[in-house]
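Visitor: Below is the structure I would like to discuss, written out as structure tokens.
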Amino acid sequence: MDFSLIGLIGTAFELYIWIIITSVVLSWLVGFNVVNPYNPVVRAVQSFCYRATEPLLAPIRRFMPDLGGLDISPVVLLLGLQFVQILLVRTLTGQLLS
């Protein structure tokens, strides 16, 4: 298998993980009034992060129990992405059973 393809897949997973982390931190900063949500830059970053993460977070939220104001669906998604990334890279490199 071409190792540049494996590197590209790994980089795509890492980039998406950082987008999820950015979305979570930005929601905390907006929630605690550290940043102004009406700032155009903050609004653009928040909108991008929402559109990028919501398709994977929404199904997880449907199956998660209600924990009040605590949303742990990003943690579940991060763990799932790490699992899939490790499984995919090991499968592509042929190290799945070793």
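Visitor: Within the range 60-77, how many residues turn out to be out of contact with any helix residue (DSSP H, G or I) (no Cβ under 6 Å at 6 or more places or on another chain) and either within 18 Å of Ile17 (Cβ to Cβ) or of a type in the set (Lys, Arg) (or both)? I'd like the intermediate steps shown before the answer.
Guide: So in the range 60-77, the residues out of contact with any helix residue (DSSP H, G or I) (no Cβ under 6 Å at 6 or more places or on another chain) come out as 62-63, 65-72, 75.
Filter once more, so that each one left must be either within 18 Å of Ile17 (Cβ to Cβ) or of a type in the set (Lys, Arg) (or both): 62, 71-72, 75.
Total satisfying the criteria: 4.
Visitor: Across the range 47-79, what is the total count of residues that are hydroxyl-bearing (Ser, Thr, Tyr) and either touching a strand residue (DSSP E or B) at 6+ places or on another chain (Cβ under 6 Å) or surrounded by 16 or more Cβ atoms within 10 Å (Cβ to Cβ) (or both)? It would help to see each step written out before you state the result.
Guide: At the first step, the residues of the range 47-79 found to be hydroxyl-bearing (Ser, Thr, Tyr) are 47, 50, 53, 73.
Filter again for either touching a strand residue (DSSP E or B) at 6+ places or on another chain (Cβ under 6 Å) or surrounded by 16 or more Cβ atoms within 10 Å (Cβ to Cβ) (or both), leaving 53, 73.
Of the residues in that region, 2 qualify.
Visitor: Residue by residue through the range 13-63, note down the ones that are more than 26 Å from Val89 (Cα to Cα) and either touching a Pro at 6+ places or on another chain (Cβ under 8 Å) or touching a residue at least 60 places away in the same chain (Cβ under 8 Å) (or both).
Guide: Val24, Val30, Arg43, Gln46
Visitor: How many residues are more than 23 Å from Ile72 (Cβ to Cβ) and either assigned to a helix (DSSP H, G or I) or among the β-branched types (Val, Ile, Thr) (or both) if we restrict to the range 1-34?
Guide: Total meeting the criteria: 10.
Visitor: Please specify each residue of the range 54-98 satisfying the condition of being in contact with a Lys or Arg (Cβ under 8 Å, 6 or more places away or on another chain) and outside any loop (DSSP other than H, G, I, E, B). Steps first, answer last, please.
Guide: Kept after step one, since they are in contact with a Lys or Arg (Cβ under 8 Å, 6 or more places away or on another chain), are these residues of the range 54-98: 71, 73, 96.
If the condition is that a residue be in contact with a Lys or Arg (Cβ under 8 Å, 6 or more places away or on another chain) and outside any loop (DSSP other than H, G, I, E, B), then Ser73 is the only one that fits.
No value in this document is a laboratory result; all are computed from the given coordinates. All values derive from a computational prediction rather than experimental measurement. So basically every Cβ, Gly included, is an ideal-geometry build from the backbone, and we count neighbours across all protein chains shown.
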